[in-house]
Structure formats: C-alpha cells, structure tokens
Amino acid sequence: MIQFDFSKLSPQTVWQHFETLCTIPRPSKHEQQLRQHLQDWAEQRHLDTYVDEIGNLIIRKAATTGKEQVVGVILQGHLDMVTQANRGTQHDFFKDPIRPILKDGWLIAENTTLGADNGIGVALALAVLESNDIAHGPIEVLLTIDEEAGMSGARLLEAGVLTGQWLFNMDTEEWGELYLGCAGSIDLEVQQALEYEVAPANLMYVDLLVSGLKGGHSGVDIHLGRGNANVILAHFLNDYLTQSKGRLVEFVGGTARNAIPREAVATIAIQVEQWAALQQALAVTQAEWQQKLQGVDDQIQITAQQNSNPLNNEVIALQQQQAWLQALATCPYGVAQWSKVLTDVVETSNNIGVVKLTKEVAKALIMVRSMVNQEALIFAQNIQQHFANFQIQSELTPLVSGWTPNPDSAALKCLQQAYQSAFDIEPNLKVIHAGLECGIIAEHYPNLQMVSFGPDIQGAHAPGERVKVDTVEKCWKLLVTALESVK
C-alpha cells in the first residue's frame, strides 16, 4: 500500500514530524524505539536531552537572542498511542506503519487508530525545537510515556528536573478551547480464577458477537450514550442463560480500559432444540438496542454462529458463571453524576472497558473518572463493593489526580491574548472529563501554571480516528504567537 503524501499538508514542519510518528511503532509501554529516535534527532541538532528513570524524554532549547530572561515554557505531550483495529483488519502495531488518508479536510486512519492523540501535540513541540525563525524564551519539551495505559510517565516523573514556570499541554481535542482543568481517575482491576467443569452431554456451542458500535474515548465521549459492547452482551447473557439454563464457555470484550468497547464475543453451550429460540431472542434484543441507541449508535449488530470446535467440551462452573454475569449486568456504567458547578460537564463516570473470562484469566478492567478526586475514590470503592457482593475480588490502582482550574494564571492570560491576536476572537475556557497529565505533573511541580489546547480530533481511541487538518495549522499559529509574546 502506498504511504500517504504528507507534503500536501501545512504547516510542513509539523506534518513531517507526524509522518515520522506514523512510521515508528509506539504502543503504550513500548515507546523505546521512538524515544531513542527523537533523542538522536535532538542531539544531532545540538539540543540538550535527558531521559529520566521511568523513561520520559526531556529536550531543551535555549532562548533566542534577547529572550533569555523571559518565562521558560514547557511544551508537553505523550509518546504513546492507543492501538485498536477493526475486526478483520490485519495490522501489527509493533511493526506496521499507520496508513492515513485525507478525506473532506480530515486526516483519517480508516481501520485503525491514527495516533493523532497525542502525535499532533508531539509534532507541534518538535516543530518548535526545529524552528529557527521563532523568537522565544527557554524551551523544554517534556514527552512522557504510558499516558494511555496508566500514566506512569507522569506519575513517576522526576522532580527537580524541569525549570520552566509555564506548561502548555497539547493533548486536548477541540480546537477553539483552552482547557484549565481535567478529571482524576482510578482503575478497578477485577480478577478471579475460574473453575471449569465438563459440560452436560449433547450440547451445541454457539459464538455470540456484539459489533458495529462506534466506541470512543471513555472520558470525552461517555456522555454521548454510545453502546458499550461489554454491557450489552453481559445483559443478554445474564438474562438468556438464566432462562434457558445455558452455559458460558468464554466472554471476551474490549481492548483498553479507557476506550468504550466496540465489540464483545462470547461462546455459550445450549440444547440443540434451543437454537431457533436463541436466534429469536437475539433479534428481539438487537431491535431493543437499536431503538435505545437510535441516532447514537445505529449500526449495532448482535449475531450468532455455531461453533464446531468448542473448548474441550468444558464450561465455566455454574456458580461463577452466574456471579460474573449478574455482577457485570448490574454494575453501574456511564455517567454517574453531572457537575453542579460547571455547566454541561460530567462530574463522575465509569467505563467497563475490558472483560475477559477464559481458562487462562478472568478479569474486568473498569475506569472511574471524576472532576472531584474524593468522588472518584468513593465511586470506585462502591463498584469494588458491588463485585465483592458476588464474591469477586478486585483492586484499586492509585488515584490519578485531577487538575484544579486556575482561571487567573498568567499562562492562561498569555494564551487568551495570543488567541485573540491570531484569530480576532475569544477562545472558550473549558475543563475536560478526561485524564490529562497536568494534574499529576502538578504533584511534582506544584507552582507550574498550565493550559491545554489542541486541534479537532474525533474518535480518539477507536478505529477511524481523525484530525482536522486546518486546525493543526491553527494550533501552530497559536503556539508560535504565544511563545513570541511571552514576557
């Protein structure tokens, strides 16, 4: 397949760097190759580099003449990307390049994630480092690892290394918005060893598939009410297997705790004479969900296919089957609380991102977010107790702190003025119901003044992810204008 010609896009300096990011694999926790490439690239340009103990890359560029005494600015993004592909798409994220196309002004990866989250932010920072025509004070570029799979880069960021006083995070996804706050989060890891037993004789095995959903970002998109394949399949299995006395063999859905699951599949065992009734039940369920998701997730499909190669004719022990399916089907999901302070902002939510019930492992990964750290903890503990009621144990990961807004910061005022100067309109000020690294970085550098912005990105964390090309150019113009105006 021919690679996309990035030379058609402007500004070239930014898109050339994004092209590099499309060709070097960068799944979460596997950013070494990209980090080494960028470190070599920087050192070839006589820029100072430093890799801290966890693996974050810091690149420094001295101030231009006459700007040595102005405020130092940290440009921050993350190296890793969410790696998801459509069912049936052959793509090895550890080897294969991302292959975008240009369509109606958007750069799109049709069957995989694009990595615009946060590749565009990284490319913008690299373009500043490469520039020789921007007047700026001291620049530090902080490129963290593992943002999408635990934020360990930010959590274990070395204190005392950064010297800048302001930080521009370039990891939000709506152009025209300046973000000054974000949600905190906690991951719930539910695990239990499963017991299998020999299935009753003369059963037929069937694979059930929920597919066709949009998926999306578990924070930014949670309020849209899109279908969650894990939730939909758990509801069906809990009801149908209880009524039919059918048995569960496996249940696998979702690929990441912070992505709304688009697909889920289960293998069940039923009496042969129940095949027709199963198909009818699926048709009724699909129609019900099509009505519930009308205008939101219209392409949902729930299908069944006979399985001629079952797992050694074994099924999950009945008590565990019932416990897991009831726990999943009745678990809170989605928006739990809207903010009473901020208009149209989700305060607290959760996402049942991964379910895997197999002979090898039985687990569910659930991500809780809240604009209020204490509320995130309380909600996560409530979900933990919910599973404990079914004798299923779980663990909570450490709280990832949210970012408390500071509407009076000088960094924000600088970007507001730069936006007004560059585009002759006022930007919107927002907080985001998603995890930015700003709150965690503030734990290590409490005096930093931070603002976040970015281009229009749609479908982050899902195949079909896209970025609006002209908003990348606008981000570049804003960034350059702001850096030149820092005093």
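The values are calculated or read from the model by the stated rules, or taken from the named source; none is laboratory data. Just so it is clear, the model here is predicted, and its values are computed rather than measured. FYI the Cβ positions are ideal-geometry reconstructions off the backbone, even for glycines, and counts take in every protein chain you see. Areas reflect the complete protein model, heavy atoms only, side chains present, ligands, DNA and RNA absent. Shrake-Rupley method; radii C 1.70, N 1.55, O 1.52, S 1.80 Å.
Observations, loosely collected:
- Given LYS245/LYS292; LYS8/LYS413; LYS292/LYS340; LYS29/LYS363, the pairs whose alpha carbons are separated by over 31 Å: LYS8/LYS413
- Rounded to the nearest 10 degrees, the inclination of helix 275-292 to the longest alpha-carbon principal axis of the chain is 40 degrees.
- Nearby lysines by direct alpha-carbon distance to LYS67 (threshold 18 angstrom, same-chain neighbours under 8 apart not counted): LYS487
- Length-normalised contact order of segment 1-85 in % [C-alpha pairs under 8 Å, at least 6 apart]: 26 percent
- Cα-based helix-to-principal-axis angle, 229-244 vs the chain, degrees rounded to 10: 10 degrees
- Largest to smallest accessible area among ASP207, ASP117 [probe 1.4 Å]: ASP207, ASP117
- Residues of segment 281-308 falling in the label zone of ASN86, defined by backbone nitrogen less than 17 Å from a point 7 Å along Cα to beta-carbon, are 297-302.
- FRET E, pair GLN3, GLU273, Förster distance 45 Å, beta-carbon r, rounded to 0.05: 0.25
- Modelled FRET efficiency - R0 45 Å, ALA422 with VAL361, Cβ distances, 0.05 increments: 0.30
- Rough spin-label spacing in nm, given labels placed 7 Å along Cα→Cβ, for GLN32 and GLN393: 3.3 nm
- Accessible area per residue (1.4 Å probe, heavy atoms of protein chains only) ranks TRP338, TRP324, TRP166, TRP275 as TRP338, TRP275, TRP166, TRP324, with the largest value leading.
- For a label point 7 Å along the Cα-to-beta-carbon line of GLU473, residues of segment 165-181 with backbone N under 19 Å: 174-177
- The chain - accessible surface per residue (Å², probe 1.4 Å): 42 Å²
- When each of LYS103/LYS430; LYS61/LYS430; LYS430/LYS474; LYS356/LYS430 is checked by Cα-Cα distance, pairs over 26 Å: LYS103/LYS430; LYS61/LYS430; LYS356/LYS430
- Note on MET170: accessible area is roughly 0 Å² with a 1.4 Å probe, heavy atoms of protein only.
- Contour minus Cα-Cα distance for THR163 and ARG45 (0.36 nm per residue): 40.4 nm
- Spin-label model distance (nm) - ASP298 vs SER485, 7 Å beyond Cα toward Cβ: 4.2 nm
- Shape call, segment 40-177: gyration tensor on alpha carbons, a/c limit 1.5: prolate
- Within the chain, percent of DSSP bridges classed antiparallel, to nearest 5: 80 percent
- Over the chain, DSSP H runs of length four or greater, each weighted -39,500 (n - 2.57), average out per residue to a 222 nm ellipticity of -9500 deg cm²/dmol.
- When the chain is described by a simple charge dipole with +1 on each Lys and Arg Cβ and -1 on each Asp and Glu Cβ, the residue from GLN243, PRO455, LEU213 located farthest towards its positive end is GLN243.
- For the chain, the longest principal axis of the Cα atoms and the long axis of helix 469-485 meet at an angle of about 40 degrees.
- Per-pair calculated FRET efficiency, R0 = 25 Å: VAL198 and GLN305 via Cβ, rounded to 0.05: 0.60
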